[in-house]
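No lab work stands behind these numbers, since they all come straight from the coordinates. Every value quoted in this text rests on a predicted model; they were computed, and no experiment measured them. Neighbour counts run over all protein chains shown; Cβ positions are idealised from the backbone, glycine included.
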Amino acid sequence: METRRSFLKKSVLIGTAAAIPTLPSCYSSIHATVPMKTKSIKKAAVLWYSQTGNTMRCGKVLAKKLKENEIEVVSGDIRDFDAASIKDIDLLVIGAPVFYYDVPEYVKKFIKSLPNLKGVPVAAYVTFGGPEGNQYNAACSILEELVSKKGVPVGLSSFQSISSFSMTYDKEKDLRTKDNTILPDRNTYKKVKKFADFIKIEVENGKNSTYKKSLTLREFSTFFGLTWWTKKFVDNHSIIRERCVGCGKCEEICPTKSINPDNYTVNTNTCVLCLGCVNNCDYQAVHMEYSDKRVVGFNDYLKKNKLQFEY
Ligand SMILES: Cc1cc2nc3c(=O)[nH]c(=O)nc-3n(C[C@H](O)[C@H](O)[C@H](O)COP(=O)(O)O)c2cc1C
């Protein structure tokens with residue numbers, strides 16, 4: 001039988017061979033290709049994708065800070081927005097969590113479906129559980145997509161958060177917080193507000209920036225399809241009929257419509273292993289095993305450790 005080690009070894013070799021030809025294009029610089037539309041922000045959109053609330057918390061603070069500067073702000077989760085309706089804006093900020101060292105695919109899809117931005121200043125932020133989560137490159141990926149839509153890059157930031165990657169919660173050494181402080185917190189929000197100010201000043205000065213992804217091992221590993229690999233260690237992803245109350249939360253949060261509430265099944269082929277279902281079920285009704293251990297969801301983890309977000 002193939003061991004985990006031999007499987008990983010084989011996969012790294014195959015992945016490396018496949019990734020090498022694509023490397024040069026991934027490290028080209030991210031810069032404006034059109035002039036900036038305006039130096040005065042009257043209307044902004046701050047949109048995020050958030051599975052367990054960290055990115056949303058930062059997005060709300062950012063939106064509020066912009067509003068304090070007399071800017072009209074449209075804000076919310078990208079799932080509540082029709083990309084075609086995002087128009088007549090002078091600034092677009094997109095936030096996302098880092099998943100598997102990258103930006104979730106559906107965030108990229110959302111950006112691809114936006115209309116031509118025609119020089120609208122754009123900024124990106126990510127939240128990450130890290131400490132080293134490839135956060136800079138992930139934020140660059142958002143900007144890259146926005147620039148391909150003719151946005152003009154003016155800023156990028158990342159905010160450390162409590163990790164919602166549940167696979168390791170049952171390991172004591174992996175307690176996700178230090179001194180029971182869960183992030184984002186007061187200090188994170190100060191950083192978010194500074195970022196909002198920075199973006200505004202950059203636009204007023206008509207200053208756009210050039211970014212380049214760092215060549216890191218973590219970035220390199222994104223070429224290997226980390227989700228697919230992680231799936232290899234996941235078993236029995238299903239809904240426990242006796243526990244399910246039929247609230248529909250998992251079905252609603254699943255970005256790939258992989259949950260069938262009628263027969264309590266999960267389509268593991270289409271599932272992208274975002275853990276949205278496991279992390280958000282209030283009834284411990286979503287079952288998943290990783291390396292033969294039951295995965296403890298994010299909300300259950302918080303409850304179990306009596307942890308609460310301060311803000
Ligand atoms: C499926 C999954 C994969 C993740 N992968 C990473 C990662 O590669 N690097 C990292 O720093 N954090 C990772 N995290 C942690 C999240 O990026 C972090 O907790 C984030 O703040 C969650 O944002 P949200 O609450 O807005 O969904 C991962 C979380 C999940 C659920």
> Given H placed on each backbone N at 1.01 Å, which residues far from LEU156 in sequence or on other chains put an amide H within less than 5 Å of it?
Replying inline: ALA124
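Using the Cα centre as the reference, give the magnitude of the dipole from point charges on the C-beta atoms of the chain (Lys, Arg: +1; Asp, Glu: -1; all else neutral), rounded to the nearest 20 debye. Let's see the in-between values first.
Working: 46 positive and 33 negative charges, 123 e Å.
In debye, rounded to 20, the chain gives about 600.
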> Which one of VAL46, THR168, GLN135 has its Cα pushed farthest toward the positive end of the charge dipole of segment 22-221, where Lys and Arg give +1 and Asp and Glu give -1 at the Cβ?
Replying inline: VAL46
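Could you please rank TYR125, TYR290, TYR283, placing first whichever residue has the fewest other Cβ atoms within 10 Å of its Cβ?
On the way: TYR125 28, TYR290 21, TYR283 15.
Fewest-to-most Cβ neighbours within 10 Å comes out as TYR283, TYR290, TYR125.
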>> Just to confirm the filter: which GluC sites (Glu not before Pro) across segment 82-155 are DSSP coil and have at most 16 other Cβ within 10 angstrom of their Cβ?
In response: GLU132
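Relative to the Cα centre, what is the charge dipole magnitude of segment 225-304, using +1 at the beta carbon of each Lys and Arg, -1 at the beta carbon of each Asp and Glu, and rounding to the nearest 20 debye? Each step should come with its number before you reach the end.
Numbers: 10 positive and 9 negative charges, 37 e Å.
Its charge dipole is roughly 180 debye.
Computed FRET efficiency, Cβ-Cβ of THR265 and SER113, R0 41 Å: what is it to the nearest 0.05? If you can, show how the numbers build up before the last one.
Numbers: r = 29 Å, r/R0 = 0.71.
With R0 = 41 Å, the Cβ-Cβ based efficiency is 0.90.
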> Taking the Cα centre of segment 191-311 as the origin and placing charges on Cβ (Lys, Arg +1; Asp, Glu -1), which of THR216, CYS247, TRP229 is farthest toward the positive end of the dipole?
Replying inline: THR216
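Any chance you could list the semi-axes, whole Å, largest first, of the equivalent ellipsoid that the Cα gyration tensor gives for the chain, using √(5λ)?
On the way: eigenvalues 222, 110, 68 Å².
That gives 33, 23, 18 Å for the three semi-axes.
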> In which sequence would LYS65, LYS37 go, from the one with the fewest C-beta neighbours within 10 Å to the one with the most?
Replying inline: LYS37, LYS65
> Which order do ARG218, ARG79 fall in if you start with the one that has the fewest other Cβ atoms within 10 Å?
Replying inline: ARG79, ARG218
>> Only bridges whose two residues both fall in the chain count here: according to DSSP, what percent of them are antiparallel, nearest 5?
In response: 30
> Which whole-Hz ³J(HN,Hα) couplings does segment 252-268 yield from phi under the Karplus relation 6.51 cos²θ - 1.76 cosθ + 1.60, θ = phi - 60°, glycine and proline marked x?
Replying inline: 5, 7, 5, x, 10, 6, 8, 9, 10, x, 5, 10, 6, 10, 10, 7, 6
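At most 15 other Cβ atoms within 10 Å and a DSSP loop assignment: could you name the trypsin sites (Lys or Arg not before Pro) in segment 82-111 that fit? Show your work: numbers first, answer last.
Numbers: sites: LYS87, LYS108, LYS109; in loops: LYS87.
Within segment 82-111, the qualifying trypsin sites (Lys or Arg not before Pro) (loop, at most 15 other Cβ atoms within 10 Å) are LYS87.
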